[in-house]
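What follows is a single structure, written as structure tokens, with notes after it.
The values are calculated or read from the model by the stated rules, or taken from the named source; none is laboratory data. These numbers come from a predicted model, not from an experiment. Ideal geometry is used to build each Cβ from the backbone, glycine not excepted, and the neighbour counts take in all protein chains shown. In case anyone asks, the SASA skips ligands and DNA or RNA and just uses the protein heavy atoms, side chains included. Shrake-Rupley method; radii C 1.70, N 1.55, O 1.52, S 1.80 Å.
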Amino acid sequence: MTDERNPEYLSPEVLDANLRIGKPAESAGGAAAVKVGLTTSVKQMGVARAISALLDVNQKTGFDCPGCAWPDPENHRSVAEFCENGAKAIAEEATLKRVTAEFFAAHSINELSRQSDHWLGQQGRLTRPMYLPKGATHYQPISWKDAFHKIGNKLKSLGSPNDAVFYTSGRTSNEAAFLYQLFVRLFGTNNLPDCSNMCHESSGLAMNHTIGTGKGTVSLKDFDFADCIVVIGQNPGTNHPRMLRTLQDAVRRGCKIISINPLVETGLKRFGHPQEISGFFGSGTRLATHHLPVKINGDVALLKGIQKVILDEATPRIDLDFIAQFTEGFEALRTNLHSVTWEEIVEGSGISEKDIREVADVIASSKAMICCWAMGLTQHQNAVSNIQEIINLLLLGGHFGRPGAGACPVRGHSNVQGDRTMGIWERPSHDFLRRLGAEFHFTPPHAHGYSTVEAIEAMHAGKVKIFFALGGNFLSAAPDTAYTAHGLNLCELTVQVSTKLNRSHLITGDEALILPCLGRTERDLQASGAQFVCVEDSMGVVHSSQGRLDPASTELMSEPAIVVALAQATLGTTLGVDWSEFVGNYDTIRDRIAAVIPGFENLNSRIRTPNGFELPNAVRDSREFRTASKKALFTVHPIPHLNVGPGQFVMTTIRSHDQYNTTIYGLEDRYRGIHNGRRVVLMNADDMAAQKLSANDAVDIVSHHLGKQRRAKNFRVVAYEIPRGCLATYFPEANVLVPIDSFAKTSHTPTSKSIIVSLEKVPSDR
Ligand SMILES: Nc1nc2c(c(=O)[nH]1)N[C@H]1C(S)=C(S)[C@@H](COP(=O)(O)OP(=O)(O)OC[C@H]3O[C@@H](n4cnc5c(=O)[nH]c(N)nc54)[C@H](O)[C@@H]3O)O[C@H]1N2
Ligand SMILES: Nc1nc2c(c(=O)[nH]1)N[C@H]1C(S)=C(S)[C@@H](COP(=O)(O)OP(=O)(O)OC[C@H]3O[C@@H](n4cnc5c(=O)[nH]c(N)nc54)[C@H](O)[C@@H]3O)O[C@H]1N2
Ligand SMILES: [Mo]
């Protein structure tokens with residue numbers, strides 16, 4: 001498409017001209033991490049702002065790092081409690097560059113759509129509200145008042161509240177999230193899809209069903225007591241770098257670390273703590289004591305193999321007392337594991353029986369084991385089964401509700417867990433709705449709303465007129481980019497509350513609005529003075545976050561203030577909620593959170609204690625499983641078989657070391673040895689030979705699903721240590737290949753980690 005109003009949205013699909021492939025790094029962290037973190041900070045923020053920001057991050061009175069959700073240590077925070085990628089996340093937000101009204105006047109949306117995601121992000125912070133009228137080629141300035149007026153009127157004109165969709169990304173504070181879901185439910189719908197739908201949704205559902213909680217069951221201090229930590233389907237060196245320190249401390253105590261991953265990720269090989277002399281200059285500490293290079297989506301088979309060993313011996317090495325007292329379904333699991341053959345396990349996992357037995361022996365002798373996982377498990381058709389197999393493994397050893405043991409889904413966005421706790425969910429519990437309704441004297445809608453995938457399908461069915469996003473980059477994060485783009489084009493109005501320019505601003509409904517907001521690092525001044533907000537980390541600790549930097553522009557609004565203005569423009573003073581009270585002092589929001597959400601009692605006083613507070617967790621605190629039967633459930637799952645034809649591969653999509661989801665910081669994936677480019681496909685050398693491909697060959701990647709093909713053009717082949725039959729490439733470039741109708745059973749998470757593809761060599765004359 002080339003006409004001005006329908007931009008070529010699928011980003012430039014051009015070969016990287018200066019791609020350079022080196023060797024993967026042997027050690028993570030160290031001097032290189034410090035250098036990159038500091039250079040990026042100074043380049044984006046200047047020296048003074050960089051120092052001010054970096055000294056304030058993750059301190060007891062500072063702001064929460066907008067990077068990952070890994071918790072802060074309680075008693076031994078260092079002066080610089082951040083990592084290389086945290087520094088990049090801060091630099092991205094606190095940059096001195098600005099996107100102004102003149103910028104939008106100078107560039108049409110069509111022109112902008114031809115730029116890369118990296119370029120878009122590098123233009124700087126959004127500074128004022130912008131409006132794209134129907135048929136216009138350029139965004140133009142609009143006042144806040146007029147912007148809210150337009151949105152409010154449009155929402156009021158809808159035939160049904162269900163014709164609007166309200167998306168959330170996981171950086172939103174608890175205060176903003178609570179008000180937002182309240183507004184949406186007062187408006188009359190549960191259409192609250194969020195990034196979690198594409199992320200840990202499978203974990204939440206899997207755990208809720210089996211152990212009666214959707215959250216992890218460990219605290220950070222448990223890592224001091226574990227004797228075995230399994231890291232499966234997660235790349236902490238890049239995505240949760242502060243976790244490496246925790247792992248390093250554990251290894252030094254003699255704890256075993258088992259990595260299960262198709263790739264040998266550098267962050268799990270060795271780690272040099274930048275604040276230790278030996279870590280800064282030396283080769284670092286060895287982390288993973290064992291590594292199993294499982295095939296993509298071979299985890300169910302592998303986990304079954306491990307459980308089979310533990311159960312198979314003459315004397316099963318399991319916690320019989322725990323199983324008898326706290327669980328049900330054990331006999332069915334045992335029968336199933338006895339009937340599964342080693343041929344099926346080895347074939348399904350790609351790991352030999354000997355290697356599985358060796359790791360199973362370590363696990364069987366563990367007195368306190370923690371299993372950590374992330375997207376490597378949650379984005380497959382059988383994702384819920386993957387996680388329930390981990391739960392089975394933990395249950396066999398009684399690894400719940402005892403120090404040093406438990407389940408640890410490592411969350412992504414820094415407040416994605418808190419947003420769920422605040423009620424951002426398209427399938428809210430009846431109990432939550434009852435409490436919300438009682439506090440605000442209304443009857444919230446009970447029918448489930450749309451998840452991310454359902455929202456996109458509903459757009460195509462003409463059922464969505466307004467799409468509103470509180471943060472994130474829906475177009476690029478969602479599956480099936482072309483299909484999602486078309487869905488957004490079918491909306492009448494799309495609204496993005498954002499800090500930075502991204503592709504979701506360019507692929508719009510008939511009319512579009514950009515509402516620029518304050519970020520975490522910035523001072524939030526309201527009538528009663530400077531405000532702070534609160535967030536919940538991956539392990540259920542709630543703490544405050546307060547930015548101190550000068551805002552990027554005087555015209556930015558805070559997220560809570562934006563939600564209040566949206567509610568006022570749409571609901572007025574009807575429905576009994578006085579929205580105006582919430583903006584001047586966020587304590588008034590926290591009082592309402594305390595009244596509605598269990599565990600948040602006396603929030604305003606407890607949030608002011610230096611480390612915040614830990615939310616209660618029935619499994620961790622008292623071995624209480626809140627399932628229907630009050631027991632933890634063993635579950636039985638078949639070994640999945642993907643339909644991979646001849647010449648086809650299973651492809652996973654991963655993050656480079658230089659990106660935050662759809663935000664591309666740069667073109668360096670240092671740990672994997674990939675420099676100056678992103679359009680690469682990692683492939684086993686034997687598969688390359690079989691396909692008659694050489695390193696650096698240009699290929700198109702074609703995905704195959706239910707007879708339909710999707711194509712992503714111009715990738716370079718890179719020989720890499722990855723199991724045969726498997727490929728890896730970067731997200732979001734590959735999202736055009738993820739079929740909208742391929743998602744995990746029950747959680748609806750797109751299968752971004754197992755896409756069936758073939759490679760087609762690009763003719764030299766194209
Ligand atoms: N710097 C930085 N930090 C981030 C993010 C970021 O983009 N940049 N994103 C944030 C977000 S929202 C999230 S959800 C997390 C994501 O954190 P991760 O889940 O660590 O991110 P991915 O790159 O998707 O990595 C998935 C890992 O699983 C492996 N894997 C892929 N397929 C399989 C499989 O079938 N089985 C197994 N066992 N492993 C597999 C991959 O090789 C990779 O090591 O990080 C958060 N933190
Ligand atoms: N193929 C594939 N697709 C995936 C994944 C994958 O592994 N593979 N991972 C999935 C996962 S785990 C996730 S979580 C989603 C991520 O989906 P999203 O959360 O929607 O995407 P992000 O890239 O994190 O959003 C970046 C944008 O957020 C805005 N932003 C940043 N900070 C703030 C803030 O403080 N306030 C506001 N209002 N806006 C802000 C900026 O404008 C920035 O452009 O992507 C999913 N998509
Ligand atoms: Mo995520």
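This table checks each residue for (1) buried (at least 17 other Cβ atoms within 10 Å of the Cβ); (2) at positive phi.
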position: 403; (1), (2): no, no
position: 407; (1), (2): yes, no
position: 412; (1), (2): yes, no
position: 416; (1), (2): yes, no
position: 421; (1), (2): yes, no
position: 429; (1), (2): no, no
position: 433; (1), (2): yes, no
position: 438; (1), (2): no, no
position: 441; (1), (2): no, yes
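Residue by residue through the stretch 586-616, note down the ones that are under 20 Å from residue 64 (Cβ atoms) and in a loop (DSSP other than H, G, I, E, B). Selection gives 586, 597, 599, 600, 607, 608, 609, 610, 611, 612, 615. Among the residues that make up the stretch 618-630, is at least one of them touching a Cys at 6+ places or on another chain (Cβ under 8 Å), among the basic types (Lys, Arg) and outside the structural domain of residue 325 (by TED's automatic domain parsing)? The answer is no; no qualifying residue exists. Among the candidates 571, 513, the residue that is in contact with a helix residue (DSSP H, G or I) (Cβ under 8 Å, 6 or more places away or on another chain) and surrounded by fewer than 23 Cβ atoms within 10 Å (Cβ to Cβ) is uniquely 571. Among the residues of the stretch 645-662, which ones are within 8 Å of ligand 2 (Cβ to nearest atom) and open to solvent by 10 Å² or more (accessible area, probe 1.4 Å)? Once the filter is applied, which keeps residues that are within 8 Å of ligand 2 (Cβ to nearest atom) and open to solvent by 10 Å² or more (accessible area, probe 1.4 Å), the stretch 645-662 yields 654, 655, 660, 661, 662.
Reported count of residues in the stretch 266-298, each being open to solvent by 10 Å² or more (accessible area, probe 1.4 Å), within 25 Å of residue 722 (Cα to Cα) and assigned to a loop (DSSP other than H, G, I, E, B), is 8.
Scanning the stretch 460-492 for residues that are more than 16 Å from ligand 2 (Cβ to nearest atom) and either part of a strand (DSSP E or B) or in contact (Cβ under 8 Å) with a residue 12 or more places away in the chain (or both) yields 460, 462, 463, 464, 465, 466, 486, 489, 490, 491, 492. The residue that is farthest from ligand 2 (Cβ to nearest atom), among those in the stretch 392-418 that are part of a strand (DSSP E or B) and within 19 Å of residue 224 (Cα to Cα), is 406. Each residue in the stretch 1-60 was checked for being out of contact with any Gly (no Cβ under 6 Å at 6 or more places or on another chain), modelled with pLDDT under 90 and of a type in the set (D, E, K, R), and 8 of them qualify. Looking only at the stretch 167-212, residues that are more than 16 Å from ligand 3 (Cβ to nearest atom), farther than 29 Å from residue 547 by Cβ and polar (S, T, N, Q) come to 5 in all. The lone criterion from (1) out of contact with any strand residue (DSSP E or B) (no Cβ under 8 Å at 6 or more places or on another chain); (2) open to solvent by 10 Å² or more (accessible area, probe 1.4 Å); (3) farther than 25 Å from residue 746 by Cβ left unmet by residue 222 is number (1). Looking only at the stretch 496-510, how many residues end up being crowded, with 24+ Cβ neighbours inside 10 Å and over 16 Å from residue 662 (Cα atoms)? Going through the stretch 496-510 one residue at a time, the tally reaches 1.
Suppose the filter is within 14 Å of ligand 1 (Cβ to nearest atom) and either part of a helix (DSSP H, G or I) or closer than 21 Å to residue 478 by Cβ (or both); does residue 192 pass it? Considered against the rule, which asks whether it is within 14 Å of ligand 1 (Cβ to nearest atom) and either part of a helix (DSSP H, G or I) or closer than 21 Å to residue 478 by Cβ (or both), residue 192 comes out as no. Among the helices (runs of 4 or more DSSP H) confined to the stretch 35-151, the ones with at least 3 residues that are within 16 Å of ligand 1 (Cβ to nearest atom) are located at 84-94, 117-122. Among the candidates 332, 324, 360, the residue that is at pLDDT 95 or above and buried (at least 17 other Cβ atoms within 10 Å of the Cβ) is uniquely 360.
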